[in-house]
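Enquirer: Sharing a structure with you now.
The values are calculated or read from the model by the stated rules, or taken from the named source; none is laboratory data. From a predicted model like this one, the values you see are computed outputs, not experimental measurements. Note: ideal-geometry Cβ built from the backbone for every residue, glycine included; neighbour counts use all protein chains shown. Areas reflect the complete protein model, heavy atoms only, side chains present, ligands, DNA and RNA absent. Shrake-Rupley method; radii C 1.70, N 1.55, O 1.52, S 1.80 Å.
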Amino acid sequence: MHTKDLARALRAFANIADFDRSQELHRLAVFLERGRNETIAARLKRTRSSARYPARLKESLAAIEDGLRAAGAIKPSIALAEIQRIFAGRPDATIGAFFEEISLPPLLPDASARRFKSANESVAKSICSDLAEASGNGQSFHARLAELVSASSAGTATWTLVANQFIGNRRAYRDRAAAIRAIKLHFDAL
């Protein structure tokens, strides 16, 4: 199930709920509608789990999930079960504080972790300077990037540093190809 589909379903369920529950379901629908239409699993990868959550919203989602599962709507009930993973911690938060917390970007992994210790900073700086020189022309940039990718034996950690320096973010990439793809997408968006 995709985020916008689940948002429409939550709005429909909000119509039969009492006022307070309907407001919470509407807020969750707005949260899901923000951004692009993607699967629930993809959105959850970029969503931080909460340290506190509103108990009534979690109860509402669990009740809807149980009803869908009993009616035989397995895929939508699985989507609701997935979305409940962001409800972690204690059940004593206000709805505003909850959405504020889960809207923050996910925490970056520890930079001193073993996978980041293998990064070669001098190689990353060299690749970044080569890319900066070639960034004047789209064709020359993509050609130079392809040369650097094939010539360099740099791993994921080094290409993550390159992407972070070139793009100006502090994101962790799951593999070398994801970091290179992020560099290409950032350059093409300029």
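Enquirer: Which one is modelled with the highest pLDDT among residues in segment 59-89 that are within 16 Å of Arg27 (Cα to Cα) and surrounded by fewer than 17 Cβ atoms within 10 Å (Cβ to Cβ)?
Expert: Ranking the candidates gives Glu59 first.
Enquirer: Turning to a different aspect of this structure: Counting just the residues of segment 1-52 that are touching a His at 6+ places or on another chain (Cβ under 8 Å) and part of a helix (DSSP H, G or I), which one comes out nearest to Gln84 (Cα to Cα)?
Expert: Ile40
Residues are listed down the side, and each one gets a yes or a no for (1) in contact with a helix residue (DSSP H, G or I) (Cβ under 6 Å, 6 or more places away or on another chain); (2) within 30 Å of Ala42 (Cα to Cα); (3) among the small types (Gly, Ala, Ser):
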| position | (1), (2), (3) |
| --- | --- |
| Lys125 | no, no, no |
| Ser140 | yes, no, yes |
| Arg144 | yes, no, no |
| Gln165 | yes, yes, no |
| Gly168 | no, yes, yes |
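Enquirer: Separate question: Could you check how many residues of segment 130-167 are among the hydroxyl-bearing types (Ser, Thr, Tyr) and in a helix (DSSP H, G or I)?
Expert: Number satisfying all stated conditions: 5.
Enquirer: Can I ask one more? Just name the residue that is most open to solvent (accessible area, probe 1.4 Å) out of those in segment 155-169 that are closer than 11 Å to Ala182 by Cα and β-branched (Val, Ile, Thr).
Expert: Filtering segment 155-169 for residues that are closer than 11 Å to Ala182 by Cα and β-branched (Val, Ile, Thr), the one most open to solvent (accessible area, probe 1.4 Å) comes out as Ile167.
Enquirer: Across segment 118-129, what is the total count of residues that are out of contact with any Phe, Trp or Tyr (no Cβ under 6 Å at 6 or more places or on another chain), assigned to a helix (DSSP H, G or I) and either over 14 Å from Ala179 (Cα atoms) or of a type outside the set (A, V, I, L, M) (or both)?
Expert: 6
Enquirer: Within the set of pairs 6+ apart or on separate chains, which have a first residue in segment 53-80 that is part of a helix (DSSP H, G or I), a second that is among the aromatic types (Phe, Trp, Tyr), and C-beta atoms under 6 Å apart?
Expert: Qualifying pairs under 6 Å: Lys58/Phe87; Ile64/Phe13.
Enquirer: Sort through Gly96, Gly35 and tell me the only one that's open to solvent by less than 80 Å² (accessible area, probe 1.4 Å), at pLDDT below 90 and on the phi > 0 side of the Ramachandran plot.
Expert: That would be Gly35, the only listed residue that is open to solvent by less than 80 Å² (accessible area, probe 1.4 Å), at pLDDT below 90 and on the phi > 0 side of the Ramachandran plot.
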